[in-house]
1. Just to be sure, is ALA188 surrounded by fewer than 16 Cβ atoms within 10 Å (Cβ to Cβ) and among the small types (Gly, Ala, Ser)?
2. Evaluate the stretch 92-102: report whether one residue or more is in contact with an Asp or Glu (Cβ under 6 Å, 6 or more places away or on another chain), closer than 28 Å to HIS39 by Cβ and small (Gly, Ala, Ser).
3. State yes or no: is GLN123 of a type in the set (S, T, N, Q) and in a helix (DSSP H, G or I)?
4. Can you tell me which residue among LEU165, LEU158, LEU172, LEU205 is crowded, with 18+ Cβ neighbours inside 10 Å and either within 15 Å of SER131 (Cα to Cα) or modelled with pLDDT under 95 (or both)?
5. Within the stretch 122-155, track down each residue that is under 15 Å from ALA206 (Cβ atoms), of a type in the set (Gly, Ala, Ser) and buried (at least 16 other Cβ atoms within 10 Å of the Cβ).
6. Assess whether THR118 counts as being assigned to a helix (DSSP H, G or I), free of Cβ contacts under 8 Å to residues at least 24 places away in the same chain and within 25 Å of VAL48 (Cα to Cα).
7. Can you go through THR181, THR130 and tell me which one is over 26 Å from VAL48 (Cβ atoms), in a helix (DSSP H, G or I) and not small (Gly, Ala, Ser)?
8. Is it true that GLY175 is of a type outside the set (Val, Ile, Thr), farther than 19 Å from LEU91 by Cβ, outside any helix (DSSP H, G or I) and in contact (Cβ under 8 Å) with a residue 40 or more places away in the chain?
Amino acid sequence: MSSTPSTSSSSSASSAGQARPAEDRPDVDETRPAETGRHGWRVVDIVVAAVLAVAVGLIFWLWNTAGYAWGQALGALTPGLSGLANGIWLLGGPLGGQVIRKPGAAVFVELVAALVSTVIGNQWGITTLTSGLFQGLGAGLVFALARYRVWSLPVTMLAGAGAGLGAWFNELFIGTTPNITLGPAYNAIYLVTNVLSGAVLAGLLAWLITRALARTGALSRFASGRTA
């Protein structure tokens, strides 16, 4: 402890001037302690992630008909343009990551949502699960690169784009007719449209849904509920 009051006061004032309060940075999570276990899952995290996954799975199932038809129509105009319709199927990863804000949340919600869609019934069967896995990994990688601390709109849209990249990579090699057989032009267009659709229909939508849920008080036990 300094014995010179003026030095102590000057130091305190300097520190106060340099520090930015957490409320000035609503998209940076300053609420977590610094210890290693800060990313551990709580029971409430598991329950809410499961609820989100089921809800998103139902959205997937509803989109299976309309989205597929839209994609086919776009693909008829320009091969590869069908990726613009895929964004809704990429929603689980960005939404799960934004709400839960823990490692694995993006993969969990996207993969379980894909399982729900598969169990209810869709035209792709078991390959839906590999899609869910790759899409969740793509979104989760972006949140991991942000160290699970930055939850801004740009980061969430990048997570949606990452999910689109994961979907593209999955379809490149997996399926009854892997896209790698369709040529470089198709795959280049499909990559761009998947990434764009993921950023907007998954990333932007996930960010808006999280804000809407936070304003209702439904996320009061989450850091995401304090940044609306």
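1. Working: surrounded by fewer than 16 Cβ atoms within 10 Å (Cβ to Cβ): yes; among the small types (Gly, Ala, Ser): yes.
Yes.
2. Checking the stretch 92-102: at least one residue is in contact with an Asp or Glu (Cβ under 6 Å, 6 or more places away or on another chain), closer than 28 Å to HIS39 by Cβ and small (Gly, Ala, Ser).
3. Numbers: of a type in the set (S, T, N, Q): yes; in a helix (DSSP H, G or I): no.
So GLN123 fails the test.
4. Working: LEU158 fails: either within 15 Å of SER131 (Cα to Cα) or modelled with pLDDT under 95 (or both); LEU172 fails: crowded, with 18+ Cβ neighbours inside 10 Å; LEU205 fails: either within 15 Å of SER131 (Cα to Cα) or modelled with pLDDT under 95 (or both).
That would be LEU165, the only listed residue that is crowded, with 18+ Cβ neighbours inside 10 Å and either within 15 Å of SER131 (Cα to Cα) or modelled with pLDDT under 95 (or both).
5. GLY136, GLY138, ALA139, GLY140, ALA146
6. Details: assigned to a helix (DSSP H, G or I): yes; free of Cβ contacts under 8 Å to residues at least 24 places away in the same chain: yes; within 25 Å of VAL48 (Cα to Cα): yes.
So THR118 fits the description; yes.
7. On the way: THR130 fails: over 26 Å from VAL48 (Cβ atoms).
One residue alone meets the criteria, THR181.
8. Numbers: of a type outside the set (Val, Ile, Thr): yes; farther than 19 Å from LEU91 by Cβ: yes; outside any helix (DSSP H, G or I): yes; in contact (Cβ under 8 Å) with a residue 40 or more places away in the chain: yes.
Spelling it out, GLY175 is indeed of a type outside the set (Val, Ile, Thr), farther than 19 Å from LEU91 by Cβ, outside any helix (DSSP H, G or I) and in contact (Cβ under 8 Å) with a residue 40 or more places away in the chain.
The values are calculated or read from the model by the stated rules, or taken from the named source; none is laboratory data. Bear in mind that the values here come from a model prediction, so they are computed numbers and not experimental data. Neighbour counts are summed over all protein chains in view; Cβ atoms, including those assigned to glycine, are modelled from backbone coordinates with ideal geometry.
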